[in-house]
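Read the figures in this text as sums done on the coordinates, not as results from a lab. Small disclaimer: the values here were computed from a predicted structure and weren't measured. Backbone-built Cβ (ideal geometry, glycine too); neighbour counts: all protein chains shown.
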Amino acid sequence: MTDHRTRFLQLALEADALRFGEFTLKSGRVSPYFFNAGRFDSGVAIATLAGCYADALEAAGVEFDLLFGPAYKGIPLATALACEYARRGRDLPVAFNRKEAKAHGEGGLLIGAPLAGRRVLIVDDVITAGTAIREALGQIAEGGGTVAGIVIALDRQERVAEDSQESAAQRVAREQDVPVVAIAGLSDLLAFVGQSATLAAERERLLAYRARHGSDTTR
């Protein structure tokens, strides 16, 4: 694994954003692990996470000039990433959306830097059904921006439906013709637990889950 993947998974474990056990997902699947980016709830954790995002993007080579955070978790993630890029000497504009349009004040659904003519990078934690991402894509198009890519923290790399071999991230990438970059995926998580004596017992359950629900990226 590259260093940013290891750093991210270690950070997630320490922040309790990554947990092992038995978790019923929204899909109804019973997963041996759970990821909750809301647990990155301190300045140090968020800043470290932003560094992992930036390193993953550098490795992927995606070109963009505006960061967009879908409500709600994407808002602090995009903001933190902008601060990380500023620390590295690149000043990027940031925008985000509201869940509901505002009828007073500046009004509308979008807040922050104008999107027109920009190559927009969507920053979020995960892609599950892809609903929030698709809403953001539509709003970016309406604002005159072009989506350059999507970056997420964790790609579960599992089939979006039992009759499909695609993951949610793969489906969005194919339907929208944009790259989806993840800091780490299920394959990386398997490698990570395999290198840890304290987590080694989780590996068999993760392998069984991947065999049952994994997308073709994990085969």
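Given their separation in residues at 0.36 nm each and the Cα-Cα distance between them, ALA116 and VAL44 gain 22.6 nm when the chain is fully extended. Each Lys or Arg adds one and each Asp or Glu subtracts one; over the other residues with Cβ under 10 Å from the Cβ of ALA153, this totals -2. Inter-label distance, ASN36 to THR6: 2.9 nm, where each label sits 7 Å from its Cα along the C-beta direction.
Restricting attention to the stretch 39-186, close to 25% of DSSP beta bridges with both partner residues there are antiparallel. In plain terms, the chain from CYS83 to GLU14 could stretch by 22.6 nm, reckoned as 0.36 nm per residue minus the Cα-Cα distance.
With the Cα gyration tensor of the chain giving a ≥ b ≥ c as the square roots of its eigenvalues, does the rule (a/c under 1.5 for rounded; else a/b larger than b/c for prolate; else oblate) give rounded, prolate or oblate? It is prolate, given that a/c is not under 1.5 and a/b is the larger ratio.
Taking the Cα centre as origin and putting +1 on Lys and Arg beta-carbons and -1 on Asp and Glu beta-carbons, what dipole magnitude results for the stretch 1-104, to the nearest 20 debye?
It works out to roughly 360 debye.
For TYR33, the residues 5 or more places off, or on other chains, whose built amide H falls under 5 Å of its own are GLY21, PHE23. Between the beta carbons of SER196 and GLN165, assuming R0 = 22 Å, the FRET efficiency works out to 0.15 to the nearest 0.05.
Name the GluC sites (Glu not before Pro) in the stretch 137-219 that are in a loop by DSSP and that have at most 12 other C-beta atoms within 10 Å, would you?
GLU162
Charging the Cβ of each Asp and Glu at -1 and of each Lys and Arg at +1, and nothing else, the dipole of the chain about its Cα centre rounds to 220 debye. Please give the net charge around ALA116, taking every other residue with its beta carbon less than 13 angstrom from that of ALA116, where Lys and Arg add +1 and Asp and Glu add -1. It works out to a net charge of 0. So if I take the centroid of the Cα atoms in the stretch 31-62 and the same for the stretch 120-166, what is the distance between those two points in Å? Cα centroid of the stretch 31-62 versus Cα centroid of the stretch 120-166: 16 Å apart.
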